[in-house]
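S.K.: I'd like to ask some things about the structure below.
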Amino acid sequence: MDLFIQLTLTGLTNGAILALAALGFVLIYKSSDVINFAQGEFLLVGAYVIFAMIAQVGLHWTIGMVLTLLIAVLLGVLVERLVLRPLIGEPIISVIMVTIGLSSLLRAIVSTIWGNQPKSFPPFIPSQPINILGATVGADRLWALVIAAVMLVLFNFFFTRSREGIAMRAVADDQQAALSMGISVKKIFAWAWSIAAATAAIGGALVANIVGVGPELAGFGLRVFPVVILGGLDSIPGAIVGGIIIGLLEAYTGGYIGQGLNQVLPFIVLIIILMIRPYGLFGQEIIERV
């Protein structure tokens with residue numbers, strides 16, 4: 001029972017962080033129909049930037065986090081303005097190839113600046129063990145779970161209640177209708193990319209606080225794709241549920257079966273979902289007349 005509780009909390013933490021990164025992926029797809037293969041690298045960049053702010057520059061973690069978010073937002077806006085906006089109207093395969101290239105570019109930049117060796121991270125969230133129903137869990141994982149959950153609630157509130165969030169949903173439903181209502185679609189695209197980069201950066205900071213920083217974080221970000229395929233490319237609730245499911249499946253598989261299988265399990269789920277329900281658990285099945 002102790003192991004089950006420990007694995008459950010670990011899975012919920014990883015799942016909530018994955019859901020944060022997946023939220024940005026879904027937001028970009030909903031607003032611009034772009035499949036962003038660089039979303040995991042936004043998480044990687046966020047982890048290394050906050051590492052630089054705290055460990056190398058010596059800033060307090062609150063200032064470091066604010067600066068990391070500002071840099072992430074700037075990165076998202078620059079990518080949308082300089083890389084994606086010129087591709088409006090181009091074939092979807094061209095856009096996909098560009099985001100794959102962007103993924104490799106961001107990974108190469110991180111490797112060039114910080115190297116390929118893992119680095120210890122000065123934790124800004126305490127890591128002392130806490131006993132919960134007989135199971136020992138690090139306080140850093142519990143705090144990460146709480147922070148990720150709060151951020152998911154805030155972003156959901158933003159999408160459903162704020163003027164900008166409602167405009168994003170309008171653009172996602174019908175760009176031409178949104179244009180006719182005076183909504184700036186280009187501005188919404190910039191919003192989508194900046195928020196996507198920010199959510200991934202928050203996830204990267206939370207992961208770095210738990211496991212440190214290193215090239216393997218790119219593998220954590222790669223698991224965003226099974227999450228969004230499971231939940232549905234166009235579903236924000238699906239991103240949250242998909243993240244939790246993938247996180248729990250990974251934790252239970254690693255704890256009860258073996259550490260090797262849990263690394264490939266998300267991609268096994270991805271293949272199965274693509275075979276039986278390609279639009280995901282919460283995605284919309286689109287039928288077009290031809």
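The values are calculated or read from the model by the stated rules, or taken from the named source; none is laboratory data. Remember, it's a predicted structure, so these values are computed and weren't measured experimentally. Heads up, the Cβs are rebuilt from the backbone with ideal geometry, glycines too, and the neighbour counts pull from every protein chain shown.
S.K.: Could you list all residues from the stretch 242-258 that are within 15 Å of Arg223 (Cβ to Cβ) and not hydroxyl-bearing (Ser, Thr, Tyr)?
M.R.: Correct list: Gly242, Gly243, Ile244, Ile245, Ile246, Gly247, Leu248, Leu249, Glu250, Ala251, Gly254.
S.K.: For the structure I just gave you, tell me whether Ile195 is in a helix (DSSP H, G or I), modelled with pLDDT of 80 or more and farther than 30 Å from Gln6 by Cβ. Walk me through how you get there before you give the answer.
M.R.: Working: in a helix (DSSP H, G or I): yes; modelled with pLDDT of 80 or more: yes; farther than 30 Å from Gln6 by Cβ: yes.
Yes, satisfied.
S.K.: Do we have Ile93 as in contact with a helix residue (DSSP H, G or I) (Cβ under 8 Å, 6 or more places away or on another chain), β-branched (Val, Ile, Thr) and either assigned to a helix (DSSP H, G or I) or within 28 Å of Trp191 (Cα to Cα) (or both) here? Spell out how you get there, then give the answer.
M.R.: Working: in contact with a helix residue (DSSP H, G or I) (Cβ under 8 Å, 6 or more places away or on another chain): no; β-branched (Val, Ile, Thr): yes; either assigned to a helix (DSSP H, G or I) or within 28 Å of Trp191 (Cα to Cα) (or both): yes.
In short, no.
S.K.: Of the residues that sit in the stretch 198-217 and are part of a loop (DSSP other than H, G, I, E, B) and of a type in the set (Gly, Ala, Ser), which one is surrounded by the most Cβ atoms within 10 Å (Cβ to Cβ)?
M.R.: Quick first cut of the stretch 198-217, residues part of a loop (DSSP other than H, G, I, E, B) only: 212, 214-216.
Checking which are of a type in the set (Gly, Ala, Ser) leaves us with 212, 214.
Values: Gly212: 17, Gly214: 20.
Out of the qualifying residues, it is Gly214.
S.K.: While we're looking at this one, here's another question. Check off (1) in a helix (DSSP H, G or I); (2) closer than 18 Å to Leu12 by Cβ; (3) of a type in the set (Ser, Thr, Tyr) for Ser103 and give me the number that stays unchecked.
M.R.: (2)
S.K.: Give the stretch 1-41 a look and list any residue that's of a type in the set (Asp, Glu), assigned to a helix (DSSP H, G or I) and either without any contact (Cβ under 8 Å) to a residue 60 or more places away in the chain or more than 30 Å from Asn131 (Cβ to Cβ) (or both), or say none.
M.R.: So the first thing to find is which residues in the stretch 1-41 are of a type in the set (Asp, Glu), and the list is 2, 33, 41.
Filter again for assigned to a helix (DSSP H, G or I), leaving 2, 41.
Hit for the stretch 1-41 is Glu41, nothing else.
S.K.: May I ask you to say which residue of Val49, Val83, Val79 is surrounded by 14 or more Cβ atoms within 10 Å (Cβ to Cβ), farther than 23 Å from Phe220 by Cα and β-branched (Val, Ile, Thr)?
M.R.: Numbers: Val49 fails: farther than 23 Å from Phe220 by Cα; Val79 fails: farther than 23 Å from Phe220 by Cα.
After applying the criteria, what remains is Val83.
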